[in-house]
Structures are given as structure tokens and as C-alpha cells.
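Let me begin by presenting the structure, written as C-alpha cells, before commenting on it.
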Amino acid sequence: MTEQKISILLVDDHKLFREGVKRILEMEDRFHIVGEASDGEEACQMAVEFQPDVILMDINMPKMTGVQATQRIKERAPESRIIILSIHDDENYVYKALLSGAAGYLLKEMDSDSLIEAINSVVRGEAYIHPKVTGKLISEFRRLSSIEHNHDENVLLSDVSELGVSEKESNILALTPREREVLQLMAEGKSNRMIGEELFISEKTVKNHVSSILQKLDVQDRTQAVVMSIKNGWVRLS
């Protein structure tokens, strides 16, 4: 049985960069380039037309930024997984990209193996963030959490029920103890396979827990679930 190909839309205003990425992806039999866009508006149109599995999106483009395009595409083609490509390792860029609905963030200094790994990860429903910016991103989440909530950012999940229950807090209270464990491990950047090994459950069971978490937190993907959890102090960060 032939393995189904992963459809990919390339979005970047620099043709030379697009050509370089395209050559890398065409070396993988599983990948199929369905189109190329040179700005955010064109990306939105092509995303709706082709409904690609993955969109590689430049963050700085004319007419519409990658973040703006990502927000619009997630409304019109919610199943497409978007990976932001950027020269910026500043945590503010990463934070805004993830909040817009992006499933991944790669620096353009990446190697071909990182690009392929990122695509495969987001197709599996996982997040992928360039290792160089991960530490900065966590620091930004901590800063924002401290400003917004003015309490210890390392609130234990088991202590949430002792706080006044707001609408947001009711979401985390809806999670089962096992789902909270899975959410914690998701925030630590572990894949479904790694979570299953740590909790001694199957990868299929992990996927079921993740789906339930996304539904209860009312978010579209695991990246948004982690962003929400860190901002609200629902997970511990070492």
C-alpha cells in the first residue's frame, strides 16, 4: 500500500530561499509541494484552495505578516499545520507566532534534518520549536505569567482547586489527574511516544488523552494548550 504523501505549501517572499527549501523537500518521497506563495495574502488564498497538511510560513512578508496570515489561515483551513520560518530568535516573535496558531517555529539557519523533523512532528500533532529559542520562550511565558497573575508561577496542578474558580480555571479543573500529568509532560516538550514511556501507557492512549485535553481546554492544538497552561500557571517549569 502506497504511503500517503504530506502536502506542503511554501510561503516566502524570497524566491531563492523558496527554491532552496523546495529542493530539500523534493528529496523526500513523502513530501509533495502543492504550491508556492510570495506574500501573506497569496498564502491565505492558496491555503484555502489546497488545504495543505503543512504550511512553511515566513514571518516577515509584504502585505501581511506570517503571524497575521497564520491567524487567518487557522480560521479558514484549521487542519493545516503551520511552521513559522524566521531569522529572529527573540522570544516575542516566538510567543506571538504560537498564539496565532502556529504549530512550530524554525530559525532559517536550520539544517535540512531539522526541517524534515519539524514537518514530521507537526503532522503527528506535536509542536516543534527550534532548540535555540526554547529557553528564551519559557522565560517569556514566565514573565507574562508573573505580570498577569501576580502569584507564584509554579502553582501545583493539585492546588488549583483551592483558588477561586474563574472560567479559565474551570477548564483545568475539568481535566482528570492523568490528563494533568499528560499536560505537564506536553509542556516539557515530550512527544506522545516519550509521554507513553514515562507513564507506562500506549502511544494510542496518550493520543486519546491529548484529544480530550484539547477539547476541554477549548484549543485547536497541543501548542495552544501548552501556551495557555504556562500563561495560567497550570504546569511546573524547572
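Numbers for the structure displayed
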read-out	value
Using θ = phi - 60° and Karplus 6.51 cos²θ - 1.76 cosθ + 1.60, couplings along the stretch 67-81 (whole Hz; Gly, Pro as x)	5, 5, 5, 4, 4, 5, 5, 5, 7, 9, 9, x, 7, 6, 9
Which of Arg236, Arg124 is most accessible, then next, and so on - probe 1.4 Å	Arg124, Arg236
Protein-only accessible surface order, largest first, of Glu19, Glu181, Glu109 at 1.4 Å	Glu109, Glu181, Glu19
Charge context of Asp58, other residues only, Cβ under 10 angstrom, K/R +1, D/E -1	-1
Thr65 accessible area, assembled protein chains, probe 1.4 Å, Å²	50 Å²
Residue pairs, from the table Lys96/Lys216; Lys108/Lys216; Lys132/Lys190; Lys5/Lys74; Lys15/Lys207, whose Cα atoms sit over 27 Å apart	Lys108/Lys216; Lys15/Lys207
Environment charge of Leu85, counting only residues whose C-beta is closer than 11 Å and scoring Lys/Arg +1, Asp/Glu -1	-1
Largest to smallest accessible area among Ser211, Ser7 [probe 1.4 Å]	Ser211, Ser7
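The values are calculated or read from the model by the stated rules, or taken from the named source; none is laboratory data. Remember, it's a predicted structure, so these values are computed and weren't measured experimentally. Cβ atoms come from the backbone with ideal geometry, glycine included; neighbour counts cover every protein chain shown. Surface areas here come from the heavy atoms of the whole protein model, side chains and all, with no ligands, DNA or RNA. Shrake-Rupley method; radii C 1.70, N 1.55, O 1.52, S 1.80 Å.
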